[in-house]
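Novice: Mind looking over this structure? Questions follow.
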Amino acid sequence: MRAVVHLLLAVGVFHLARAQESSEILRLSKAAVAFPGELPCPGWSCDCALRQVGCCCATSRMHEVEDLTYTRLTDMWQSIKQLDRSVQETIGGRRVAFTASGIPSMHCFGPFSIDVSVPYNTVSLNHGDGYNPALGVFTAPRAGLYSFSFTAYSRRASAGDHMFFQLQLLRNGEVMASVWEENREDSEDSSTQGLLLSLERGGQVYVLLRAGRMLCGDGAGRNTFSGYMVHGM
């Protein structure tokens, strides 16, 4: 019996609360209709605004904010992806380096009747695939400041032979550095040059053996040509 009484009391309280809610909604609705000022937005519905959460003009405004937020997030995501591509391109582009050694013959390379680029044919490093061992030519995959070095090594086959070499490093056909030796006293000799060069994309650098000169006796890869990009431009 006590449970039934409690149930009836709960039902009564519930209906009383609903009645008070309806009365309050009606009062607010009348106050809104009688409001003399300008309503918050066109098409305002007092009944909708008072009975449902997030409807009418509030919903329209929320949808506008959601659309704007989505558009801005999409634009931001595209910008981040573009930045990531740029960073990857920059980082990947900076991995430009090569090292090559050796000459085609263990005996003598040259002499020739014309200047000939030295095709250093043993490639131990070629990041960026800029060096062509068949031609002995490095082609810059991107513009930047590059560091290059080359070593000329030669020795006489026997006493009294003439040591007679001259190498030049060229950038796009222009001589940038040279090494040479000419004597009958030294049994072997070597010389190294290193320098920094700016290159546009597609610029070429190579080592040239001058006409009538020769490199002899390098069976251990002592003749070398190497380079790397210091930074891009």
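Every read-out reported here was derived from the displayed coordinates using simple, explicitly stated rules and does not represent laboratory data. Quick caveat, the model's predicted, so the values are computed rather than measured. Heads up, the Cβs are rebuilt from the backbone with ideal geometry, glycines too, and the neighbour counts pull from every protein chain shown.
Novice: Gain in length, Glu200 to Arg85, computed as 0.36 nm per residue apart minus the alpha-carbon separation, to one decimal in nm?
Specialist: Extending this stretch completely gives an extra 39.2 nm.
Novice: For Cys108, project a label point 7 Å along Cα to C-beta. Then give me every residue of the range 198-233 with its amide nitrogen under 13 Å of that point.
Specialist: 212-218
Novice: Starting from 0.36 nm per residue, how many nanometres of slack lie between Asn121 and Val175 once their C-alpha separation is accounted for?
Specialist: Working it through step by step, the gained length comes to 17.2 nm.
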